[in-house]
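Let me begin by handing over the structure; questions about it come next.
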Amino acid sequence: MERDAAQASVKGDVAFFERFDHPEYTGVNPMGKLSTRSEEIDELKSGTFKADSIAVDELKVRIYGGDTAIVTGRNTAKGTYRGKDVSGRYRFTDTFVKESGDWRCVASQGTAITEP
């Protein structure tokens, strides 16, 4: 799912995120900006966020109670946000809930990796 989300970002696949992100989704980007599902989808639609490539690795998934999952990982991205280059390496934590058999992301937080 995380790799699919990365590719959906590159493709600008809004429909993917309408399914992937829970309606009550909250995200915190590496600059500390808090956003809702609709705000992030709007940024993807408008080109405010444009990913040229995203590679995901170091994934670790922990499931709690059968319907909550915490995913940590790292991505290496090339792209722009509000016209500024945001290419780099990032660590992330995503929280998922399982509803009606589907996993949906309810929260995401990304942090830039500043070490060499």
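The values are calculated or read from the model by the stated rules, or taken from the named source; none is laboratory data. These numbers come from a predicted model, not from an experiment. Quick reminder, even Gly has a Cβ in these numbers, built from the backbone with ideal geometry, and neighbours come from all protein chains shown.
Of SER46, SER53, which residue is surrounded by 12 or more Cβ atoms within 10 Å (Cβ to Cβ) and hydroxyl-bearing (Ser, Thr, Tyr)?
SER53
Same structure again: Is it the case that ASP57 is among the charged types (D, E, K, R), assigned to a strand (DSSP E or B), closer than 20 Å to ARG91 by Cα and modelled with pLDDT of 95 or more?
The answer is yes for ASP57.
Quick one: ALA77 ticks every box in (1) aliphatic (A, V, I, L, M); (2) part of a strand (DSSP E or B); (3) within 16 Å of PHE16 (Cβ to Cβ) bar one, so which box is it?
(3)
Also, I was wondering about something else. Consider only pairs whose beta carbons are under 8 Å apart and that are at least six residues apart or on different chains; among these, list those whose first residue lies in region 14-29 and is closer than 12 Å to LYS45 by Cβ and whose second residue is among the basic types (Lys, Arg).
Close Cβ pairs satisfying both conditions: VAL14/LYS45; PHE17/ARG37.
Could I ask something else about it? Tell me, which residue of region 9-54 that is of a type in the set (Gly, Ala, Ser) and closer than 18 Å to ALA107 by Cβ is modelled with the lowest pLDDT?
Applying the filter and picking the extreme gives GLY32.
Please find, within region 83-98, the residue that is surrounded by the fewest Cβ atoms within 10 Å (Cβ to Cβ) out of those that are hydrophobic (A, V, I, L, M, F, W, C) and more than 12 Å from PRO30 (Cα to Cα).
For region 83-98, the residue satisfying everything is VAL97.
Only residues in region 54-72 that are of a type in the set (A, V, I, L, M) count as the first member; pair them with residues that are not in a strand (DSSP E or B), Cβ under 7 angstrom, at least 6 apart or cross-chain, and list the lot.
Pairs found: ILE54/ALA6; ILE54/SER9; ILE54/VAL10; VAL56/GLU2; VAL56/ARG3; VAL56/ALA6; LEU59/GLU2; VAL71/GLU2.
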